[in-house]
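Visitor: What follows is a single structure, and I will ask about it in a moment.
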Amino acid sequence: MKDYKVYAEQCFRDEAQAVLDMIPRLDDNFNQAVELVYNCRGKFIVTGVGKSGHVGAKIAATLASLGTPSFFLNPLDAYHGDLGMISAGDVVMAISYSGNTDELLRFLPSLIDRKIPIIGMSSDSNSLLGQHSTCHLDIRVDHEADPLNLAPTSSTMATMAMGDALACALAVRRDFQLQDFARYHPGGSLGKRLLSTVQQYMTKRNLPIVSPGDKVSDTIIVISQNKQGIAVAIEEGRIVGVVTDGDVRRAMQRHKDIFFDMTVRDIMSVHPKTIHQEAKLTEASRMMRQHNIHSLVVVDNEGRLVGTIDIFACI
């Protein structure tokens, strides 16, 4: 069978080079575009036809996820009433590799008449789009990655990279933080860690409770049944220590002859790491990484045991 990996490798190289070739061509137009969007008091609208439209929709989605309110507008729909979506205070980014796409250019006069700033993205600053743009982003490529040098491949990659660069620069300009990202992605794993509390994911039934005087042999069973690798020693309603599966292994290695006669008090850690039930999952994850442990004891306002949580619940 023919080895097609060589064509894949060449495609990767061509598209990667197309993106790298844009670096020397970055100029103040990029800075102006960032400031235009940052200072926009209305909506940021991305538009384009064909492959440029597909990439534009992705750019709009990326910008929105990083704190820039934006949406994609199909130029073909703009002629049938959707121009009403654009109002004073908005900024439009128009994408056309040639810079002369008829469907796109036909509604630019309306934007210019209404003094809507236009960020043009094309391969030619002297194209009609380039000439009528407030600022122009150069996405020119030397050749496409496909064998015929016809299909939009390197050019669409360059367009997407420029859109990502704009989104990243705007995130820095806005001082966009993890907490902000989580607000826009509440269903993702990051949103879960940043917005959820320990009590929502902790284990609170059949807790692994032992007494300081319990035999270690019995404690092993409790730890195994709990499946979080931990047992909590309680005395007169207070947490006095914890025993982990690591404590058990180390005690077995050190005290082979008397191991099964030992009690929880002999091997427990008397200063267990605890976390409040209303703390965020991110705090629980940070504590476990910091102390190189995989479980925490969860407590209430009075320091009483209300649950346990392991590292897997924080993922």
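Visitor: Considering only residues that are of a type in the set (Lys, Arg) and within 18 Å of residue 202 (Cβ to Cβ), which ones fall in the stretch 221-251? Give the derivation first.
Guide: Going residue by residue through the stretch 221-251, those that are of a type in the set (Lys, Arg) are 227, 238, 249-250.
Residue satisfying the conditions is 227 alone.
Visitor: Residue 142 fails exactly one of the following numbered conditions: (1) part of a loop (DSSP other than H, G, I, E, B); (2) closer than 18 Å to residue 44 by Cβ; (3) not basic (Lys, Arg). What is the number of that condition?
Guide: (2)
Visitor: Does at least one position in the stretch 7-14 carry a residue that is of a type in the set (Gly, Ala, Ser) and surrounded by 12 or more Cβ atoms within 10 Å (Cβ to Cβ)? Outline the logic, then answer.
Guide: As a first pass, look at the stretch 7-14 and keep what is of a type in the set (Gly, Ala, Ser): 8.
From the residues that got through so far, the ones that are surrounded by 12 or more Cβ atoms within 10 Å (Cβ to Cβ) too are none.
So far as the stretch 7-14 goes, no, none of its residues is of a type in the set (Gly, Ala, Ser) and surrounded by 12 or more Cβ atoms within 10 Å (Cβ to Cβ).
Visitor: So which residues in the stretch 79-131 are under 21 Å from residue 158 (Cα atoms), more than 32 Å from the chain's Cα centre (by Cα) and among the aliphatic types (A, V, I, L, M)? Even if it seems obvious, please write down each step before you answer.
Guide: Taking the stretch 79-131 and keeping what is under 21 Å from residue 158 (Cα atoms), we get 92-101, 104, 118-131.
Next, only the ones that are more than 32 Å from the chain's Cα centre (by Cα) stay: 98-101, 104, 124-131.
Hits for the stretch 79-131 are 104, 128, 129.
Visitor: Just to be sure I understand the filter: pairs with C-beta atoms under 7 Å, separated by 6 or more residues or on different chains, first member in the stretch 117-136 and touching a residue at least 40 places away in the same chain (Cβ under 8 Å), second member among the hydrophobic types (A, V, I, L, M, F, W, C) and open to solvent by 20 Å² or more (accessible area, probe 1.4 Å). Which pairs pass?
Guide: Close Cβ pairs (under 7 Å, with a partner that is among the hydrophobic types (A, V, I, L, M, F, W, C) and open to solvent by 20 Å² or more (accessible area, probe 1.4 Å)) amount to 117/36; 119/36; 134/36; 135/36.
Visitor: Give the residue that is farthest from residue 210 (Cα to Cα), with candidates limited to residues of the stretch 248-267 that are free of Cβ contacts under 8 Å to residues at least 40 places away in the same chain and open to solvent by less than 30 Å² (accessible area, probe 1.4 Å).
Guide: The qualifying residue farthest from residue 210 (Cα to Cα) is 251.
Visitor: Also, quick follow-up: Hey, can you tell me all the residues within the stretch 136-159 that are within 30 Å of residue 114 (Cβ to Cβ) and surrounded by fewer than 19 Cβ atoms within 10 Å (Cβ to Cβ)?
Guide: Hit for the stretch 136-159 is 140, nothing else.
Visitor: Does residue 99 count as without any contact (Cβ under 8 Å) to a residue 40 or more places away in the chain, under 16 Å from residue 133 (Cα atoms) and either of a type in the set (S, T, N, Q) or in contact with a strand residue (DSSP E or B) (Cβ under 8 Å, 6 or more places away or on another chain) (or both)? Show your work before the answer.
Guide: Details: without any contact (Cβ under 8 Å) to a residue 40 or more places away in the chain: yes; under 16 Å from residue 133 (Cα atoms): yes; either of a type in the set (S, T, N, Q) or in contact with a strand residue (DSSP E or B) (Cβ under 8 Å, 6 or more places away or on another chain) (or both): yes.
Spelling it out, residue 99 is indeed without any contact (Cβ under 8 Å) to a residue 40 or more places away in the chain, under 16 Å from residue 133 (Cα atoms) and either of a type in the set (S, T, N, Q) or in contact with a strand residue (DSSP E or B) (Cβ under 8 Å, 6 or more places away or on another chain) (or both).
Visitor: May I ask you to verify whether residue 277 is of a type outside the set (D, E, K, R) and either surrounded by 15 or more Cβ atoms within 10 Å (Cβ to Cβ) or in contact with a Ser or Thr (Cβ under 9 Å, 6 or more places away or on another chain) (or both)?
Guide: Numbers: of a type outside the set (D, E, K, R): yes; either surrounded by 15 or more Cβ atoms within 10 Å (Cβ to Cβ) or in contact with a Ser or Thr (Cβ under 9 Å, 6 or more places away or on another chain) (or both): yes.
So residue 277 passes the test.
Visitor: When the stretch 15-38 is examined, which residues are found to be touching a strand residue (DSSP E or B) at 6+ places or on another chain (Cβ under 9 Å), open to solvent by 40 Å² or more (accessible area, probe 1.4 Å) and not in a helix (DSSP H, G or I)?
Guide: 26, 27
Visitor: Which helices (runs of 4 or more DSSP H) sit wholly inside the stretch 51-131 and have at least 1 residues that are open to solvent by less than 70 Å² (accessible area, probe 1.4 Å) and in contact with a Phe, Trp or Tyr (Cβ under 6 Å, 6 or more places away or on another chain)?
Guide: Helices (runs of 4 or more DSSP H) meeting the threshold: 51-65, 75-78.
Visitor: Still on this structure: Among the listed residues 306, 298, identify the single one that is in contact with a Gly (Cβ under 6 Å, 6 or more places away or on another chain), touching a residue at least 24 places away in the same chain (Cβ under 8 Å) and either outside any loop (DSSP other than H, G, I, E, B) or of a type outside the set (Asp, Glu) (or both). I'd like the intermediate steps shown before the answer.
Guide: On the way: 306 fails: in contact with a Gly (Cβ under 6 Å, 6 or more places away or on another chain).
The conditions single out 298.
Visitor: So, one more: Just name the residue that is nearest to the chain's Cα centre (by Cα) out of those in the stretch 280-293 that are outside any helix (DSSP H, G or I) and either surrounded by fewer than 18 Cβ atoms within 10 Å (Cβ to Cβ) or of a type in the set (Lys, Arg) (or both). Give the derivation first.
Guide: Within the stretch 280-293, the subset outside any helix (DSSP H, G or I) is 280, 292-293.
Adding the requirement that they be either surrounded by fewer than 18 Cβ atoms within 10 Å (Cβ to Cβ) or of a type in the set (Lys, Arg) (or both) leaves 280, 292.
Details: 280: 18, 292: 25 Å.
Only one residue fits best here, namely 280.
Visitor: Here's something else I'd like to know. Can you pull out the residues in the stretch 201-247 that are among the charged types (D, E, K, R), farther than 27 Å from residue 285 by Cβ and crowded, with 19+ Cβ neighbours inside 10 Å?
Guide: Within the stretch 201-247, none qualify.
The values are calculated or read from the model by the stated rules, or taken from the named source; none is laboratory data. Since this is a predicted model, take the numbers as computed values, not measurements. Methodologically, a virtual Cβ is constructed for each residue, glycine included, from the backbone with ideal geometry; neighbour enumeration extends over all protein chains shown. Accessible surface is based on the protein model in full, side chains and every heavy atom, while ligands, DNA and RNA are left aside. Shrake-Rupley method; radii C 1.70, N 1.55, O 1.52, S 1.80 Å.
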